[in-house]
Amino acid sequence: MWKPGLRSAKAIRAVVSRILVYGSVLLAAWWWMLWTPGHGDVRLRAELSAEEAAIEREVRNDVEVLAERIGERNIPGNPVELEQAAAFVVRSMSDAGYRPDSQWYSVGGAKCRNIEAEIRGADRSNEVVIVGAHYDTVPGSPGADDNASGVAVMLALARGFARTRPARTLRFVAFANEEPPYFWSANMGSLVYAKRCHERRDRVVAMLSIESVGFYSTSPASQRYPAGLGLLYPSTGDFVAFVGNLKSRPLVHEALGAFRSTGALPSIGAAVPNAVPGAGWSDHWSFWQQGFAGIEITDTAPFRNPYYHTPDDTPDRLNYDRLARFTWAMRTVVKQLADPRPR
């Protein structure tokens, strides 16, 4: 009777050994994807600085122009408004001192465009950093958070860097057609743009997609996550998230580390496969398709904002205090990426 018992014990030990090995590998993989530098917890200063207060007025105005005065902007339903938004972006970039370039293309008989403002790099001009945001809306929504907030931040950053000369080439880009029915399709503006970058052999070293960054909540249980991640991250929706794919992990770390150095807002970050819901839900996905490093910086949109993709995504729902703090901190992120320390 002892021989079967011995074989059974050996089998149990073998199973336990495999569980420990596979479990260790799985834990190491999760650590590799989810570990980020610095500390994400922040105690906010009571008042905005004078510089942040000026940014607050700036971003509030731009959100109100896009989401209130212009409103819903998309093809096929609202092409006139989409072009009004594009013209506003061009005018804003021109007023800041740029000579914006429009990349026109046709979708179902309608013309639309991506808009680019560029600062040519001083000594590493072949390396390109892109700060982008889509200016269209989903049908039926004025899109204050999604994505007038992102466009407002992109424009504020463009104004802030207009009189600088970083080492790398810096581009600020407004994309058309991120929303359905063009999402993840050949007509998605950022994919049209990313393909052109690839064709021109641009060396895009970093793409930052500023996507839905104006909605915050201090209420408990106001934050949701894809299945399995809620145990690891805060349940209060008062932070910004930096999200990339596995290839973009170094960019997630560099950008998030720079952001956290400012102490502006709470933050989280991760580099995960595109299969994780939400990981590729913005214009950074288009750059992944062309082999470039890209990340999304977001308030997590549908995982927090109850007005996401509805008629109630209006300017009055946003927190402009936090949006200003976010914009101010992003200047540090963009500066670090566009003007890295000498090798």
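The values are calculated or read from the model by the stated rules, or taken from the named source; none is laboratory data. From a predicted model like this one, the values you see are computed outputs, not experimental measurements. Reconstructed Cβ throughout: ideal geometry from the backbone, glycine too, with neighbour counts over all protein chains shown.
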**Complete:** Quick count over segment 143-184, residues being closer than 17 Å to V333 by Cβ, touching a residue at least 60 places away in the same chain (Cβ under 8 Å) and basic (K, R), is 2
**Request:** For residues that are surrounded by fewer than 19 Cβ atoms within 10 Å (Cβ to Cβ), over 15 Å from P181 (Cα atoms) and among the small types (G, A, S), tally how many sit in segment 110-147.
**Result:** 2
**Prompt:** Among F292, F259, which is the only one that is touching a Phe, Trp or Tyr at 6+ places or on another chain (Cβ under 9 Å) and touching a residue at least 12 places away in the same chain (Cβ under 8 Å)?
**Reply:** F259
**Prompt:** Does A167 satisfy being assigned by TED's automatic domain parsing to the domain that holds V80, crowded, with 24+ Cβ neighbours inside 10 Å, among the small types (G, A, S) and modelled with pLDDT of 95 or more?
**Reply:** no
**Fill in**
Taking first residues from segment 89-116 that are within 15 Å of A162 (Cα to Cα) and in contact (Cβ under 8 Å) with a residue 24 or more places away in the chain and second residues anywhere that are part of a helix (DSSP H, G or I) and among the acidic types (D, E), the pairs with Cβ under 8 Å that are 6 or more apart or on different chains are S92/D62
**Item:** Residue check for D321: assigned to a helix (DSSP H, G or I), surrounded by 15 or more Cβ atoms within 10 Å (Cβ to Cβ), in the same structural domain as R203 (by TED's automatic domain parsing) and out of contact with any Phe, Trp or Tyr (no Cβ under 6 Å at 6 or more places or on another chain)
**Value:** yes
**Any chance Q84 is under 21 Å from G214 (Cβ atoms) and either assigned to a helix (DSSP H, G or I) or assigned by TED's automatic domain parsing to the domain that holds G244 (or both)** = yes
**Message:** For the structure I just gave you, tell me whether L82 is within 14 Å of S149 (Cα to Cα) and touching a residue at least 12 places away in the same chain (Cβ under 8 Å).
**Reply:** no
**Prompt:** When you go through (1) more than 30 Å from G108 (Cα to Cα); (2) in contact with a strand residue (DSSP E or B) (Cβ under 6 Å, 6 or more places away or on another chain); (3) surrounded by 24 or more Cβ atoms within 10 Å (Cβ to Cβ) one by one for A176, which number turns out not to apply?
**Reply:** (1)
**Item:** Selection within segment 230-245 - surrounded by 15 or more Cβ atoms within 10 Å (Cβ to Cβ) and in contact (Cβ under 8 Å) with a residue 24 or more places away in the chain
**Value:** Y233, P234, G237, D238, F239, V240, A241, F242, V243, G244, N245
